[in-house]
1. Which of the lysines could a cross-linker bridge to Lys30, judged by Cα under 24 Å and excluding same-chain residues fewer than eight apart?
2. Using only the Cα atoms of the stretch 245-304, build the gyration tensor, take square roots of its eigenvalues as a ≥ b ≥ c, and label the shape rounded, prolate or oblate: rounded if a/c is under 1.5, else prolate if a/b is larger than b/c, else oblate.
3. For the pair Glu134 and Ala272, what calculated FRET efficiency results from E = 1/(1 + (r/R0)^6), where r is the Cβ-Cβ distance and R0 = 51 Å, to the nearest 0.05?
4. Going Cα to Cα from Lys341, which aspartates and glutamates come in below 18 Å? Please leave out same-chain ones fewer than 8 positions away.
5. Does the stretch 191-300 come out rounded, prolate or oblate by the C-alpha gyration tensor, with a ≥ b ≥ c the root eigenvalues, rounded set by a/c under 1.5 and, if not, prolate when a/b is larger than b/c and oblate if not?
6. Take each of the peptides 416-425, 189-198, 149-158, average the number of other beta-carbon atoms within 10 Å over its residues, and list them starting from the highest.
7. I want to check the label-to-label distance for Asp329 and Asp420. Put each point 7 Å from Cα in the C-beta direction and report it in nm to one decimal.
8. Subtracting the Cα-Cα distance from 0.36 nm times the residue separation, let me have the gained length for Glu34 to Leu211 in nm, one decimal.
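Laboratory data are not the source of any read-out in this text; all were calculated from the coordinates shown. Treat the numbers as computed from the prediction; the structure is a model and nothing was measured. Here the Cβ positions follow ideal geometry from the backbone for every residue, glycine too, while neighbour counts run over all protein chains shown.
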Amino acid sequence: MRRFALVLGAGLTLPLSALAEDVVIRIEAKRGSEAVQTAAQGWAAQFPDVVTFPLADGWTGIALGPMPREQATARLDELKRDAKVPGDSFLSPAAGRQIAQVAAGTTVAAAPVVTDPPAAEPAPEIAAVPATPEPAPPPPEFFLRIESSTNRTSAEEMLAKRREILPEAGLWTLPNGRSVVGLGPIPDEATGEAWLRAFKTAGAVPRDAFLSPAEDMGDVAIAGKPPELGAPPAEGAMPLAMPALEDIQRALRWAGHYEGAIDGKDGPMTQAAIADEIVRLRASPDTATAMAELIRRREAWRAEMHLTQLQDAHTGLALPAPMDKLAFDRTERALSIYGPKDGSGAALILFSQPGGQQEMLDLAGLVTALGWVPAPERQVSRGSVVLDGRNETHVGHSEGHVVDGRVQGFVLIWPVQDPDEGRRLASEISDNMARFAPGAMDPTAPAPAPAMPSAVPVN
């Protein structure tokens, strides 16, 4: 094979019509002097036999060679196997081209386009497809560095504790031997920083937790799982309006994370419940966005449960109830009783009568004695009593309140297999029960003829 000592920077080119059996390894094509310069010098830093030659429409080919086809075939296979050239590199004839060798460090200009090659020489390629660019490297990933310890046993205990709130957390070992509890990967820095703030606000991570690039996490010791974290609002986007606090409080109670009053006041109990729910919901680190999503989920659940507005004439109480699972049974003095429908296992008892604290406690005793709320835990305060209990068949929840000289409330019985659904229903009833009529006035009088309740869909 002939050897060349030509430097493109010196402006020297040489027709290779005599090298009919020689080929080049086509690795790339560029257009424009600056692009050709950058690419050719990059390849020349890796290989000593980089050449350029003109293609059609102003493109410049970049290749290795020339060399005999047999040698080029073996070399191309080796270069592809070692991923040293693009996977779509190929062999192309050297004959008929104006080839110029490239020396590292020299100025490379785009090779001139050959528009009319000599008739005796093979015509240049009419068109060449630019080589497929190398895929862009994946974007950097980040991890939350939650806490660490030099003691592996202590670190595993930390991990177990953090997984109570962040079940995807894992354990890494740093090069210095320290064990780190972390969470990730998180796809971008903005999302990581936003969730770090949200986790700190909720107390899910310590105040000194920080965001770390993936390459600084060391080796995986106990694998975690990639967390599903909603993205923060886009930069410059119009902020979402905060939903009404009363709606937020109702949704938080429905989710089981708030036990305070539905009063629309932004107190510490409400703030703590909001922060906790953001961490559990994972919809967004933005408060307004997360609370709007929680309210949407509650409304979807209400529709799925087919809640209707029950108006019970005997007690004078109105409340949302799953009437496709309940059937009116009977009234007994201060009680209005709805039993299970179609074997649902659910029941609802409403009560209303004149009285105060003592009458309220007497009714709570009756509820316990009848087994509606088995072995209950009691929360008693002035004007209020709450009972919660369960056995092998059902969960029971009862609330009684003294309102304007009357004791009123409810008992909800729900199958033990689905206690969370029962809890959500109890919170809906508690938060939305209201009086629309006087109801039974004298609990000692004979029960009146039962008035059939009315029910309308809840909007």
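1. Here the lysines satisfying the reach criterion relative to Lys30 are Lys80, Lys84.
2. oblate
3. Once rounded, the FRET efficiency stands at 0.50.
4. Output for Lys341: Glu304, Asp312, Asp324, Asp329, Asp418, Glu421.
5. On the way: a/c = 2.18, a/b = 1.79, b/c = 1.22.
Prolate shape, in that a/c is at least 1.5 and a/b is the bigger ratio.
6. Ranked from most to least packed, the peptides come out as 189-198, 416-425, 149-158.
7. Placing both labels 7 Å along Cα→Cβ, they lie 2.9 nm apart.
8. Values: separation 177, 0.36 × 177 = 63.72 nm, distance 3.90 nm.
So the chain would gain 59.8 nm between Glu34 and Leu211.
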